[in-house]
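The values are calculated or read from the model by the stated rules, or taken from the named source; none is laboratory data. If you're wondering where the values come from, they're calculated on a predicted model, not measured in any experiment. Reconstructed Cβ throughout: ideal geometry from the backbone, glycine too, with neighbour counts over all protein chains shown. We work out accessible area using only protein heavy atoms, side chains counted, and drop any ligands, DNA or RNA first. Shrake-Rupley method; radii C 1.70, N 1.55, O 1.52, S 1.80 Å.
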Amino acid sequence: DSGVTQTPKHLITATGQRVTLRCSPRSGDLSVYWYQQSLDQGLQFLIQYYNGEERAKGNILERFSAQQFPDLHSELNLSSLELGDSALYFCASSVREGAGLGSPLHFGNGTRLTVT
Amino acid sequence: QQQVKQSPQSLIVQKGGISIINCAYENTAFDYFPWYQQFPGKGPALLIAIRPDVSEKKEGRFTISFNKSAKQFSLHIMDSQPGDSATYFCAASRLGAQKLVFGQGTRLTINP
């Protein structure tokens, strides 16, 4: 068990809808990262927060947004959903602002989003 | 510059054999190279990691070999077991960067 908790495990929704994915980082970790995993794209970095502040953005669509709250949990909001948004969404956390030997990324078990 | 290329996409090894997965990178600023193991329905889990100032790191049956001049690193799994069947990802990041850049993954199957 990595200590990173993601809810829900599964989400099935229709095109055009909006969903919220939730992540609780490991105790003591200040950084939260969101990754998208689809069959043909591997693990794609979306966005990172450190202690409540956005620190880095990757290939995140404008329809997607995220935030990290004072208790350090994070939410990823996906709106105007399209079929192509169907994927596994992973949250990871680390103790420091970036990944390194002393600050490895620990991943949750993901939320599987299916858009129909 | 930010890519990490991983090969092969899939690999089948007999029980007791050696599994070898290779990765290549372009960005010479990368200074952290972890490998992750992912089982179906689970998130990636850190397996082993290395910095470029060492050429090899071994943890149990898992070894990372690092060739800085060739900008390549590989994962060797000795005495491969059916329980090692999973998808393996290499990754890289550089000091001060916030994200890990992942390879495309290798689906490893160990035949009993």
Item to check | Student exercise, the range A:46-91 dipole from Lys, Arg, Asp, Glu Cβ charges, in Debye to nearest 20 | outcome: 120 debye
Next on the checklist: With an 8 Å Cα cut-off and a minimum separation of 6 or more residues, compute the relative contact order for chain B in percent.
Outcome noted: 37 percent
Checklist entry - In square nanometres, what is the average projected area of the Cα convex hull of the range A:1-112? => result 6.6 nm²
Checklist entry - Name the GluC sites (Glu not before Pro) in the range B:1-96 that are in a loop by DSSP and that have at most 10 other C-beta atoms within 10 Å, would you? => result none
Checklist outcome for this item: Shielding of A:93-99 by other chains, given as the mean Cβ count within 10 Å, works out to 4
Checklist entry - Quick one: ranking B:R51, A:R63, A:R96 by accessible area, 1.4 Å probe, largest first, what do you get? => result A:R96, B:R51, A:R63
Checklist entry - Of the residues B:K71, B:K42, B:K57, which exhibits the maximal mean-square fluctuation in a Gaussian network model of chain B defined by a 10 Å Cα contact cut-off? => result B:K42
Checklist outcome for this item: Expressed as a whole-number percentage, the relative contact order of chain A with C-alpha contacts under 8 angstrom and at least six residues apart is 37 percent
Next on the checklist: Among B:T109, A:A66, A:T116, which residue has its Cα furthest toward the positive end of the charge dipole of the protein assembly as shown, with +1 on Lys/Arg Cβ and -1 on Asp/Glu Cβ?
Outcome noted: B:T109
Item to check | Isotropic mean projected area of the C-alpha convex hull, the protein assembly as shown (nm²) | outcome: 12.1 nm²
Checklist entry - With charges only on Cβ, +1 for K and R and -1 for D and E, what is the dipole size of chain A about its Cα centre, in debye, rounded to 20? => result 140 debye
Checklist entry - Accessible surface of B:T28 in the full protein assembly, 1.4 angstrom probe, to the nearest 10 Å²? => result 110 Å²
Checklist entry - Mind checking which of A:E62, A:E54, A:E82 has the largest fluctuation in a GNM of chain A, springs on alpha carbons under 10 Å? => result A:E62
Item to check | Whole-Hz couplings from phi, Karplus 6.51/-1.76/1.60, listed for the range B:37-44; x for Gly and Pro | outcome: 10, 10, 9, x, x, 10, x, x
Next on the checklist: Placing unit charges on C-beta atoms (Lys and Arg positive, Asp and Glu negative, everything else neutral), compute the dipole magnitude of chain B about its Cα centre in debye, rounded to 20.
Outcome noted: 140 debye
